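Asker: Before we start, here is the structure in question, set down as C-alpha cells.
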Amino acid sequence: MTSKPVKPLLEIQNLDVTLKNRDSYFKALDDLSFNVLPGEILGLVGESGAGKSMTGSAILGLIEPPLFISKGKIIFKGKRIEENAISVRGSMISMIFQDPLVSLNPLRKIGDQLVETIRTHINIDKAEAITYAKNLLEEVGIDRERFNAYPHTFSGGMRQRVVIALALAPNPSLIIADEPTSALDVSVQALILALLKRLCKERGTSIILITHDMGVIAETTDRVAVLYSGRLSEIGKTSEVLNSPKHPYTQGLIAATPRIDADSLKTKLYQIPGTMPDLSEIPDGCPFHQRCSKSIPKCSENNPPLLYDRASCWLLEKESV
Amino acid sequence: MSFLTTSHLSRYFDLSEPWLVRKIKGQPKKLLKAVDEVNIGVERGQTYALVGESGSGKSTIAMMVAGLLKPSSGTVLFNGDNFFNPSLGKIKRMSMRKSVQMIFQSPYASLNPRWKVGDILKEPIKAFSLIEDETNQINRVCELLEQVGLSPRDMLKYPHEFSGGQRQRICIARALASKPEIIICDEPTSALDVSVQAQVLNLLKDLQQAFSLTYLFISHDLAVVSTMANKIGVLKQGILVEEATPSKLFLRPEHDYTKMLLSAAPDISNASRI
C-alpha cells in the first residue's frame with residue numbers, strides 16, 4: 001500500500017461567515033477547518049444554531065446578505081469554489097434537505113423533475129434521460145411505473161427516496177444531506193440511511209451528513225465533526241469520538257443523549273447547564289467555558305485552537321505535558 | 001383498579017365516499033380504525049409510555065384521555081369517573097378537567113405569541129377559579145415559574161423572547177397551574193435539542209416526585225421512553241401489540257413489531273458497529 005495520504009475531496013480552511021447587523025458584526029462560523037475525503041461519510045453534529053446548516057450553505061455558495069464569507073478558503077477538487085460555487089452546485093455537489101415535501105415541486109410529476117435535473121447537468125437527449133431516470137428510481141427502491149406520479153401520492157419515506165434519486169442524478173462527488181431523516185419515522189429512517197449509505201459506497205460519493213441526532217451519527221458516519229457556536233469543538237473517527245470524547249462539550253452531549261437501556265429509568269440524564277449563547281453573546285475565550293465544568297482560567301482568556309487535530313480545548317494541552 | 005384505565009377504547013374515523021357515490025359504485029362504508037380496543041391501566045404516581053410510529057394512534061388516545069375527543073366505543077376512567085358520562089354534573093366535569101393537563105410537542109405553537117407569560121400562566125388559574133385575588137394570582141405565577149426553573153421576572157416577557165427549552169418549561173408551568181393529578185405529555189421533547197431535552201426530561205422527573213404526578217408519556221423515541229417510563233405500551237396501527245416494563249421490553253421483546261422498532265432505533269451505543 002502507498003503511504004501517501006489520500007488527497008481530500010473538499011477542504012475547508014479557516015472559514016469565517018459573518019453576520020452584519022447595522023454596524024456590528026457577529027461570527028456565525030468562526031475559523032472552521034476540516035476536510036472531506038473521497039468516499040467517506042462525515043457527520044456534522046451540534047445543536048440548533050451551532051452552524052451545521054450554515055456550513056452546508058457556505059459550501060454550496062448559498063450564503064446571502066446580511067451574511068457573508070469574510071475569511072477562508074473552500075477548496076473542492078483542488079479548486080477554490082467560495083467565489084463561484086455555481087460551477088459545482090448541483091452537478092458535483094448536491095444537496096438533500098430535511099423536508100421532502102418542500103424540496104419537490106408539487107405541481108410536476110416526479111419523472112419530469114428527474115428528467116429536468118438530469119438534462120440540466122448531463123448532455124443527453126430526452127429519451128435517454130427518461131431511461132436513466134427510471135433506472136435511478138428503481139435503484140432507490142421505487143417502482144419504474146411511478147415515473148408519472150405526483151409527489152403528493154408518495155409517503156414521506158418514498159418522497160425522500162425521490163429526493164435522493166434527484167441528488168444522485170448528476171453523479172455528484174459530494175452530497176450534503178441536511179437532516180435528511182428528521183421528518184421520518186424510525187423504521188423509515190433506518191431504511192433511508194441504509195439506502196443513502198449503500199448508494200454512496202457503490203459510487204464512491206462522499207456525504208456530509210448534518211444532523212442533531214447522535215444515534216444517527218453513531219450508526220452512519222465514518223468521521224464526525226462536533227460544532228459549537230460556529231466553531232469546531234471536536235473532530236475524529238466516529239467510534240473514537242463517541243467512545244472517548246476529548247472535548248467537555250462532546251462529553252456532555254453524549255452523556256445527555258438518552259440510551260435504550262432497561263436501567264436508565266433509575267438514573268437521571270446528565271445535563272449541561274445553560275444553553276448555547278446567542279451569536280451576539282459569545283464570550284471571550286472558549287465559547288463553551290461558561291457552561292463547562294472543567295474550565296481553567298486560561299479558557300476564559302484565549303480561544304483554544306484545534307489541538308492534535310482532535311479537539312479545541314486547552315485541557316488537551318495539559319494532558320500531553 | 002388503576003388510577004387511569006381505558007377499557008376497549010376505540011376511535012374510528014369515517015373515510016367513506018359520500019352516500020350517493022357509494023350507492024352508484026356499490027362500495028361499503030370505509031372506516032379507519034385509528035384506535036382499536038385498547039386497554040391500558042396507569043398507576044398513580046407512575047409513568048406510562050405509549051410508543052409507535054406516526055399513524056399508530058398515540059395522539060388519538062391522548063386526545064380521548066384528555067377528554068378532547070369522544071371515543072367511538074369503550075371508556076376512559078379516572079378514579080372511576082368517565083368524562084363522557086352524560087349524567088356527570090358540571091362541577092364534577094370541571095374538577096376532572098382540572099386534574100388532567102397536557103403538554104404538547106411544539107412549544108412554538110402551543111403558546112399564544114400575543115400574551116405575556118404571566119397571562120398565559122394565569123389563564124388556567126382564572127378558568128378554574130382557583131385563586132380570585134389578583135396579588136395571590138401573581139404570587140402563584142411566580143411560584144410556578146420558579147418550580148420549572150425560570151425567574152419570576154420572566155412573567156412580563158412574551159413567548160418569542162424565550163428559547164425552545166424555556167418555552168417548553170412555560171408549557172409545563174401552565175400544565176402545573178391547576179394542580180393536576182395526571183399530565184399527558186405528547187412528544188414533549190421531540191422539538192428540542194439533546195442537551196435541552198435532558199434538562200426538560202429531568203425537570204419532568206423532579207416534578208413527578210415533588211407533586212406525585214402521573215404521566216401518560218407519548219413518544220416515538222424509545223431511548224427517551226426508556227429514561228422515563230415505568231411501563232411501556234407499543235402501538236401499531238391502533239392496536240396495542242405489546243405492553244411490558246422497560247426491562248422486559250428492551251431485553252426480551254415479544255412482538256415482531258417491537259423487535260423491528262428496537263433494531264431500527266438509532267442508538268449512540270452502536271458506534272462500534274461500524
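Asker: Does the range B:72-107 hold any residues that are out of contact with any Lys or Arg (no Cβ under 9 Å at 6 or more places or on another chain), among the hydroxyl-bearing types (Ser, Thr, Tyr) and within 22 Å of residue B:129 (Cα to Cα), and which are they?
Answerer: Once the filter is applied, which keeps residues that are out of contact with any Lys or Arg (no Cβ under 9 Å at 6 or more places or on another chain), among the hydroxyl-bearing types (Ser, Thr, Tyr) and within 22 Å of residue B:129 (Cα to Cα), the range B:72-107 yields only B:95.
Asker: What single numbered condition from (1) closer than 22 Å to residue B:55 by Cα; (2) among the small types (Gly, Ala, Ser); (3) surrounded by 19 or more Cβ atoms within 10 Å (Cβ to Cβ) fails to hold for residue A:182?
Answerer: (3)
Asker: Within the range A:207-219, does at least one residue satisfy the condition of being among the polar types (S, T, N, Q) and over 17 Å from residue A:36 (Cα atoms)? Break it down into steps so the answer makes sense when it comes.
Answerer: Step one: of the range A:207-219, the residues among the polar types (S, T, N, Q) are A:211.
Subsequent filtering for residues that are over 17 Å from residue A:36 (Cα atoms) retains none.
No, there is no match, as no residue in the range A:207-219 is among the polar types (S, T, N, Q) and over 17 Å from residue A:36 (Cα atoms).
Asker: Is it fair to say residue B:247 is at pLDDT below 90, assigned to a helix (DSSP H, G or I), under 19 Å from residue B:43 (Cβ atoms) and over 17 Å from the mean Cα position of the chain (by Cα)?
Answerer: Considered against the rule, which asks whether it is at pLDDT below 90, assigned to a helix (DSSP H, G or I), under 19 Å from residue B:43 (Cβ atoms) and over 17 Å from the mean Cα position of the chain (by Cα), residue B:247 comes out as yes.
Asker: Suppose we keep only residues that are of a type in the set (D, E, K, R) and surrounded by fewer than 16 Cβ atoms within 10 Å (Cβ to Cβ) within the range B:75-115. Which one would you say is farthest from residue B:178 (Cα to Cα)? Spell out how you get there, then give the answer.
Answerer: Step one: filter the range B:75-115 for residues of a type in the set (D, E, K, R), giving B:81, B:90, B:92-93, B:97-98, B:114.
If we keep only those that are surrounded by fewer than 16 Cβ atoms within 10 Å (Cβ to Cβ) too, we end up with B:81, B:90, B:92-93, B:114.
Details: B:81: 19, B:90: 17, B:92: 15, B:93: 14, B:114: 22 Å.
Once the filter is applied, the top-ranked residue is B:114.
Asker: Now a separate question. With B:221, B:267 as the choices, which residue is facing chain A (nearest Cβ under 7 Å) and among the acidic types (Asp, Glu)?
Answerer: On the way: B:221 fails: facing chain A (nearest Cβ under 7 Å).
None of the others qualify; the one that does is B:267.
Asker: Sticking with this structure for a sec: Checking the conditions here, which among A:240, A:317 is more than 14 Å from chain B (Cβ to nearest Cβ), outside any loop (DSSP other than H, G, I, E, B) and farther than 30 Å from residue B:217 by Cα? I'd like the intermediate steps shown before the answer.
Answerer: Details: A:240 fails: more than 14 Å from chain B (Cβ to nearest Cβ).
Just one listed residue meets the conditions, A:317.
Asker: Can you list residue pairs whose Cβ atoms sit under 9 Å apart, with the first residue in the range A:102-126 being acidic (Asp, Glu) and the second being part of a loop (DSSP other than H, G, I, E, B)? Count only pairs 6 or more apart in sequence or on different chains.
Answerer: A:112/A:105; A:116/A:108
Asker: Of all residues in the range A:19-47, how many are within 17 Å of residue A:288 (Cα to Cα) and of a type in the set (A, V, I, L, M, F, W, C)?
Answerer: Looking only at the range A:19-47, we keep the residues that are within 17 Å of residue A:288 (Cα to Cα), and these are A:26-32, A:45-47.
If we keep only those that are of a type in the set (A, V, I, L, M, F, W, C) as well, we get A:26, A:28-29, A:32, A:45.
Going through the range A:19-47 one residue at a time, the tally reaches 5.
Asker: All but one of (1) buried (at least 23 other Cβ atoms within 10 Å of the Cβ); (2) modelled with pLDDT under 90; (3) away from chain B (no Cβ under 13 Å) hold for residue A:163; state the number of the condition that does not hold.
Answerer: Of everything listed in (1) buried (at least 23 other Cβ atoms within 10 Å of the Cβ); (2) modelled with pLDDT under 90; (3) away from chain B (no Cβ under 13 Å), residue A:163 misses just condition (2).
Asker: Quick one: which of B:226, B:247 is over 27 Å from residue B:99 (Cβ atoms), facing chain A (nearest Cβ under 7 Å) and crowded, with 19+ Cβ neighbours inside 10 Å?
Answerer: Details: B:247 fails: crowded, with 19+ Cβ neighbours inside 10 Å.
Within the list B:226, B:247, the selection yields B:226.
Asker: On to the next question. Taking the conditions exactly as written (modelled with pLDDT under 90, crowded, with 24+ Cβ neighbours inside 10 Å, over 14 Å from the mean Cα position of the chain (by Cα) and within 14 Å of chain B (Cβ to nearest Cβ)), does residue A:229 satisfy them or not?
Answerer: Answer is yes for this residue.
Asker: Tell me the residue from B:190, B:195, B:163 that is within 13 Å of chain A (Cβ to nearest Cβ), surrounded by fewer than 24 Cβ atoms within 10 Å (Cβ to Cβ), more than 28 Å from residue B:3 (Cβ to Cβ) and of a type in the set (S, T, N, Q), please. Step through it out loud before you land on a result.
Answerer: Details: B:190 fails: more than 28 Å from residue B:3 (Cβ to Cβ); B:195 fails: surrounded by fewer than 24 Cβ atoms within 10 Å (Cβ to Cβ).
Every option except B:163 fails the conditions.
The values are calculated or read from the model by the stated rules, or taken from the named source; none is laboratory data. Here the structure is a predicted model, which is why all the values come from computation and not from measurement. Glycine also receives a Cβ, built like all others from the backbone with ideal geometry; neighbour counts cover every protein chain displayed.
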